[in-house]
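Trainee: Can you keep this structure in mind? I'll have questions shortly.
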């Protein structure tokens, strides 16, 4: 047929991205539902708003969840748009000029596979496509980290306004078992840093020599499966077993502590009035 190995490999890679992206879409959709429900649940729970980490004005705790839900709504739209752009295949041959292949055959094959056709390619698909997907994964992980950092602050001893779930037999520390550490949210924070590293690799892979080299392929074998699996794990850690309730096992179960929030408001009553 006059194909090069990258015709097959890159097209198969697109199918893998399509499948992985579909699973991530399911995660993002499920998380939105949970966030919206919790936003309504806490819509009348008083809380202190903070800017620069300092008490500002009164607000409601549910607004935090509404904000996070809104961000994930955008992530869902971005995933749909990115997958439409990125999930494309090619059969354009050794240097992308159809020297021994037929564009009509390419269109028929991609139509049967249910993916798009790359408008122009070299021996490989342009890596800006793959970089876009990895950067979107890092962007979604950034919102996950945003939630985790918020809960970590609210769980501090001197704040005590929300806690991630903590099992009855769970211990905070081998040396200090009385502690209730935000270990799940700290884990999410660390994993978000890894996701940004994967995104950087995707950016580095864009500039290949001429019609291709293979400096991208070794890294993609690592970063793509790792990034997709890790992001899927991070999203599941947020809403696992309906973990946004105090009885769940998600990372940010946020036990409701309205008395603590009112106490926080009371500290600045004079200033607010």
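The values are calculated or read from the model by the stated rules, or taken from the named source; none is laboratory data. Note that the structure is a prediction, hence the values are computed from the model and not measured. Here the Cβ is made from the backbone with ideal geometry for all residues, glycine too, and neighbour counts use every protein chain on show.
Trainee: Answer yes or no as to whether residue 196 is in contact (Cβ under 8 Å) with a residue 40 or more places away in the chain, within 13 Å of the chain's Cα centre (by Cα) and surrounded by 16 or more Cβ atoms within 10 Å (Cβ to Cβ). Step through it out loud before you land on a result.
Mentor: Working: in contact (Cβ under 8 Å) with a residue 40 or more places away in the chain: yes; within 13 Å of the chain's Cα centre (by Cα): yes; surrounded by 16 or more Cβ atoms within 10 Å (Cβ to Cβ): yes.
Spelling it out, residue 196 is indeed in contact (Cβ under 8 Å) with a residue 40 or more places away in the chain, within 13 Å of the chain's Cα centre (by Cα) and surrounded by 16 or more Cβ atoms within 10 Å (Cβ to Cβ).
Trainee: Working only within the stretch 160-193, note down all residues that are loosely packed, with under 14 Cβ neighbours inside 10 Å and either under 14 Å from residue 226 (Cα atoms) or modelled with pLDDT of 95 or more (or both).
Mentor: 190, 193
Trainee: If the Cβ limit is 6 Å and pairs must be 6+ apart or interchain, which residue in the stretch 160-174 that is on the phi > 0 side of the Ramachandran plot and in contact (Cβ under 8 Å) with a residue 60 or more places away in the chain pairs with which residue that is surrounded by fewer than 19 Cβ atoms within 10 Å (Cβ to Cβ) and not in a loop (DSSP other than H, G, I, E, B)?
Mentor: Taking only residues 6 or more apart or on different chains, the pairs are 160/260.
Trainee: Among the residues of the stretch 37-51, are any modelled with pLDDT under 95, in contact with a helix residue (DSSP H, G or I) (Cβ under 7 Å, 6 or more places away or on another chain), part of a strand (DSSP E or B) and surrounded by fewer than 18 Cβ atoms within 10 Å (Cβ to Cβ)?
Mentor: Yes: the stretch 37-51 contains one or more residues that are modelled with pLDDT under 95, in contact with a helix residue (DSSP H, G or I) (Cβ under 7 Å, 6 or more places away or on another chain), part of a strand (DSSP E or B) and surrounded by fewer than 18 Cβ atoms within 10 Å (Cβ to Cβ).
Trainee: What residue, among those in the stretch 84-112 that are within 27 Å of the chain's Cα centre (by Cα) and loosely packed, with under 15 Cβ neighbours inside 10 Å, is nearest to residue 22 (Cα to Cα)?
Mentor: Taking the stretch 84-112 first, the residues within 27 Å of the chain's Cα centre (by Cα) are 84-89.
Of the ones still in play, those that are also loosely packed, with under 15 Cβ neighbours inside 10 Å are 84-85.
Working: 84: 11, 85: 14 Å.
Only one residue fits best here, namely 84.
Trainee: Same structure, new question: Out of the stretch 184-215, which residues are in contact with a helix residue (DSSP H, G or I) (Cβ under 8 Å, 6 or more places away or on another chain) and part of a loop (DSSP other than H, G, I, E, B)?
Mentor: Across the stretch 184-215, the qualifying residues are 205, 206, 212.
Trainee: Hey, another quick one. Working carefully through the options 125, 129, 136, find the one that is surrounded by 15 or more Cβ atoms within 10 Å (Cβ to Cβ), touching a helix residue (DSSP H, G or I) at 6+ places or on another chain (Cβ under 6 Å), at pLDDT 95 or above and outside any helix (DSSP H, G or I).
Mentor: On the way: 129 fails: outside any helix (DSSP H, G or I); 136 fails: outside any helix (DSSP H, G or I).
Residue meeting the stated conditions: 125.
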